Amino acid sequence: MTKRDIFHKDYATEKDPVKKERLGSIYRSYRNLIVTLLRESKKKYHADYFEEHKQNMKKTWDGIRDLINVSKKSSTSINQIIHDDQSFTDNKDIAKTLNNYFVNIGPSIEAKIPKGKSPFQSYLGDQNPDSLTLNPCDAEEVAQIISTFANGKASGPFSIPTNLLKEFSQYLSKPISIIINKSLQNL
């Protein structure tokens with residue numbers, strides 16, 4: 001990194017175009033080498049971390065949070081809330097105001113929607129005679145599905161980026177399958 005920085009400084013200050021081009025080429029090769037080595041080092045670190053902690057779900061999820069930069073402990077403190085031109089600073093008043101807002105949001109939105117001319121049942125088709133059965137999944141099935149993901153697709157705000165999910169699927173497919181199966185059991 002020190003050599004890269006020296007070449008960059010020399011490149012930036014060089015006036016002779018021939019020397020500048022040569023220094024720029026050397027600088028870019030060092031820069032690219034460092035980026036490659038850093039990527040490989042991070043990949044090895046995370047692979048070793050997940051391999052070491054594959055039996056410990058808490059450590060596995062700590063590693064995932066670290067990998068995607070999701071803070072485990074974040075909180076927002078509300079000191080004041082203004083509702084209907086009234087300011088509230090007491091915690092109980094703030095809680096009551098928020099509760100009243102969220103309890104009444106459904107009916108207030110419903111009141112703004114114009115009433116339909118037909119009952120909702122008239123828009124429904126025939127009832128589906130087939131039933132739905134959800135079977136538990138295993139880590140291999142999750143890993144196979146992860147392998148079909150396209151790399152360029154976006155992840156959600158707190159989701160694992162697709163490229164990382166694919167890269168570490170051998171470590172993440174087991175905890176993901178556990179979450180899926182627990183979710184299906186608790187329907």
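Structure above, values below:
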quantity: Answer from 14, 21, 51 - the residue that is of a type in the set (Asp, Glu) and in contact (Cβ under 8 Å) with a residue 12 or more places away in the chain; calculated: 51
quantity: Residue match in region 69-76 (condition: on the phi < 0 side of the Ramachandran plot, of a type outside the set (Phe, Trp, Tyr), surrounded by 13 or more Cβ atoms within 10 Å (Cβ to Cβ) and at pLDDT 90 or above); calculated: no
quantity: Residue in region 31-48 that is in contact with a Phe, Trp or Tyr (Cβ under 6 Å, 6 or more places away or on another chain) and surrounded by 12 or more Cβ atoms within 10 Å (Cβ to Cβ) present; calculated: no
quantity: Count - residues of region 43-58 that are part of a helix (DSSP H, G or I) and in contact with a helix residue (DSSP H, G or I) (Cβ under 9 Å, 6 or more places away or on another chain); calculated: 8
quantity: Boolean, residue 35 is aliphatic (A, V, I, L, M), modelled with pLDDT of 90 or more and closer than 25 Å to residue 160 by Cα; calculated: yes
quantity: Helices (runs of 4 or more DSSP H) wholly inside region 84-187 that include at least 1 residues being under 30 Å from residue 43 (Cβ atoms); calculated: 139-147, 162-167, 169-185
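The values are calculated or read from the model by the stated rules, or taken from the named source; none is laboratory data. All values derive from a computational prediction rather than experimental measurement. Note that each Cβ is placed from the backbone with ideal geometry, even for glycine, and that neighbours are counted across all protein chains shown.
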